[in-house]
Amino acid sequence: MGQYGCPVCFPLFLREAEIRRGVELLYFGYSHLYRGTDECLAEQGLGRAHHRALYFIARQPDLTISTLLRTLGITKQSLGRVLGELAERGMIETRTGREDRRQRLLRLTPAGAKLERDLFDALREQLSAAYAQAGQEAVTGFWRVMEAIIPPEERTRVADLEALTPRG
């Protein structure tokens, strides 16, 4: 174990300064990437939790609440509040499952789909510009680093979402 109880599984080939630089780039990159979407959400009285729910519901129409809970890794109470607010605003709807009537399936309404699309378009614009500037090799390396940060037992969630993306 490392000094702060963190496992050290392999010798680092990067110096501390390089690791700190990576942490700082993640922090500032993330905050700048989401700055525009945060402003748009704030105008509507919504936050990042609402955005994450809209995003994953858009990715998988008829997503079950239990699947969304696992994907977001939040409590039932927190998700209930977020889904309640989105439903009140007419952005999501729930349906009962066809095979299991106890299931509640989530789907975006046209208003929810429009907001999610607007938010995604802003993110796509920024990421596309950054990817183009960095080049394909850097993008692939970035994806590998981000995937390696995700614990192995959770990587199937990312792979499942990737399978939803049409290739063209």
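Can you tell me which residue in region 52-92 is surrounded by the most Cβ atoms within 10 Å (Cβ to Cβ), limited to those that are acidic (Asp, Glu) and over 21 Å from Leu164 (Cα atoms)? Filtering region 52-92 for residues that are acidic (Asp, Glu) and over 21 Å from Leu164 (Cα atoms), the one surrounded by the most Cβ atoms within 10 Å (Cβ to Cβ) comes out as Glu85. Look at region 92-118: where a residue is within 11 Å of Leu63 (Cβ to Cβ) and a partner is modelled with pLDDT of 95 or more and among the small types (Gly, Ala, Ser), sitting 6+ places away or on another chain with Cβ atoms under 6 Å, you get Ile92/Gly112; Leu108/Ala58.
Every listed requirement among (1) touching a strand residue (DSSP E or B) at 6+ places or on another chain (Cβ under 6 Å); (2) at pLDDT 95 or above is met by Arg89 save one, (1). Look at Ile149 and say whether it is free of Cβ contacts under 8 Å to residues at least 12 places away in the same chain and closer than 30 Å to Leu26 by Cβ. Yes. In this structure, is Leu68 touching a residue at least 40 places away in the same chain (Cβ under 8 Å) and part of a helix (DSSP H, G or I)? It is false that Leu68 is touching a residue at least 40 places away in the same chain (Cβ under 8 Å) and part of a helix (DSSP H, G or I).
The values are calculated or read from the model by the stated rules, or taken from the named source; none is laboratory data. Keep in mind the model is a prediction, meaning the values are calculated, not measured. All Cβ positions, glycine included, derive from the backbone under ideal geometry; neighbour counts span all protein chains shown.
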